[in-house]
Structures are given as structure tokens and as C-alpha cells.
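Working notes, beginning with the structure itself.
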Amino acid sequence: AAPEFPTSALPRPVARLVEESAAAIGCPPDAIGLSALISLGSAIGNSRVIQPKRGWTESAAIYGAVIADSGEKKTAAIAATTDVVQNLENTLNRKHDKRLEEFSREAREYEVERKEAAKQGLPSPRSPASSRTCPRQRHHC
């Protein structure tokens, strides 16, 4: 028999998700754990890499496949973690889109103020772009 998936090696919240999902779905934790590892690696992406030796770097990308017979609840097991990641990504995308809309509105207002200042021979007001940045937060898994 294959060894049991080492959920204790996962971060506690992830281990809990894997254990509780396995119990709820009625499947072994292996597929859920693998899906969790792939999702975590995807979230890290290329933002962190290791360099085992000069000229060779590796990202946190993890590739895996769940192989089981039909009816073994593979889809439900994988969805247990990917749904969590997708919900987080959707939330971050909505926040990002809202910030972009706000920035666009401020840029339009700035352009009107800049043109008005130029007509009156006054210096241009401070650009909204010079006082803020919109951090990149999109993660695709």
C-alpha cells in the first residue's frame, strides 16, 4: 500500500482544508493535498526562485496529475482547493478593477485641472500617478 499523504507537512490551514475536505468528500487526502500543493506553488509563481547552482533557477511551479478510476471523486477533490484559490483571485480582481476605475477617474480629473491651469498660466497640479501605484495582484492558476 502507498504511504499516507503527509498532511502534517502542510501549513496548518491548508492541512485542515485537506483533512476536512477528504472527510466531507469521502476520498483519500492525496488528490486534495496534491491540488493544494499545486495551488500554493502557483500562487508563489516566479516571484521567488531557488538557484541550486549557477545558471540554474527553479520556480515554485509544481506539476501534478491525479490518476484514479472513474467515480473516484477526482474532480471534487481538486475543486476543494482550486475553488478556494479561484474565489480569492476573483476577490483580488474585483479590488484591482475598482482601484483601476478610481485611478482612471482621478486621471481624467487631473487632465481637466491641468488644462485649466495651462489656460490660466499656472503650473500643472500634481499628477495622481506620481503619488500612487496600483500593485499587481492577478494570479492565474
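The values are calculated or read from the model by the stated rules, or taken from the named source; none is laboratory data. This is a predicted model, so every value here is computed, not measured. In this analysis, Cβ positions are derived from the backbone assuming ideal geometry, glycine residues included, and neighbour counts consider all displayed protein chains. The accessibility values were calculated without ligands, DNA or RNA, using every heavy atom of the protein model including side chains. Shrake-Rupley method; radii C 1.70, N 1.55, O 1.52, S 1.80 Å.
Which pairs have Cβ atoms under 9 Å, sit 6 or more apart or on different chains, and link a residue in segment 19-40 that is over 14 Å from T82 (Cα atoms) to one that is among the basic types (K, R) and assigned to a helix (DSSP H, G or I)?
If the second residue must be among the basic types (K, R) and assigned to a helix (DSSP H, G or I), the pairs left are C27/K74.
Is there a residue in segment 2-17 that is of a type in the set (D, E, K, R), assigned to a loop (DSSP other than H, G, I, E, B) and closer than 21 Å to A79 by Cα?
Pass one, segment 2-17, residues of a type in the set (D, E, K, R): 4, 12, 16.
Next, only the ones that are assigned to a loop (DSSP other than H, G, I, E, B) stay: 4.
Okay, now just the ones that are also closer than 21 Å to A79 by Cα, so 4.
So far as segment 2-17 goes, yes, one or more of its residues are of a type in the set (D, E, K, R), assigned to a loop (DSSP other than H, G, I, E, B) and closer than 21 Å to A79 by Cα.
Any residue at all in segment 75-91 that's under 30 Å from E4 (Cβ atoms), in a loop (DSSP other than H, G, I, E, B) and either modelled with pLDDT of 90 or more or over 12 Å from the mean Cα position of the chain (by Cα) (or both)?
From segment 75-91, those under 30 Å from E4 (Cβ atoms) are 75-88; that's our starting set.
Pick out the ones that are also in a loop (DSSP other than H, G, I, E, B) and you get none.
The answer is no; no qualifying residue exists.
What residue, of V49, V85, is within 28 Å of A15 (Cβ to Cβ), of a type outside the set (S, T, N, Q), out of contact with any Gly (no Cβ under 9 Å at 6 or more places or on another chain) and open to solvent by less than 50 Å² (accessible area, probe 1.4 Å)? Quick ask: steps written out before the conclusion?
Values: V49 fails: open to solvent by less than 50 Å² (accessible area, probe 1.4 Å).
Exactly one residue qualifies, and that residue is V85.
Hey, can you tell me all the residues within segment 87-110 that are among the aliphatic types (A, V, I, L, M) and either free of Cβ contacts under 8 Å to residues at least 12 places away in the same chain or farther than 19 Å from R126 by Cα (or both)? Step through it out loud before you land on a result.
Looking only at segment 87-110, we keep the residues that are among the aliphatic types (A, V, I, L, M), and these are 88, 92, 100, 107.
Hits for segment 87-110 are L88, L92.
If V14 satisfies all but one of (1) surrounded by 20 or more Cβ atoms within 10 Å (Cβ to Cβ); (2) closer than 12 Å to A80 by Cα, what's the number of the condition it fails?
With (1) surrounded by 20 or more Cβ atoms within 10 Å (Cβ to Cβ); (2) closer than 12 Å to A80 by Cα applied to V14, the lone miss is (1).
Just to check your reading of the model, which residue among S104, S70 is at pLDDT 90 or above and open to solvent by less than 70 Å² (accessible area, probe 1.4 Å)?
S104
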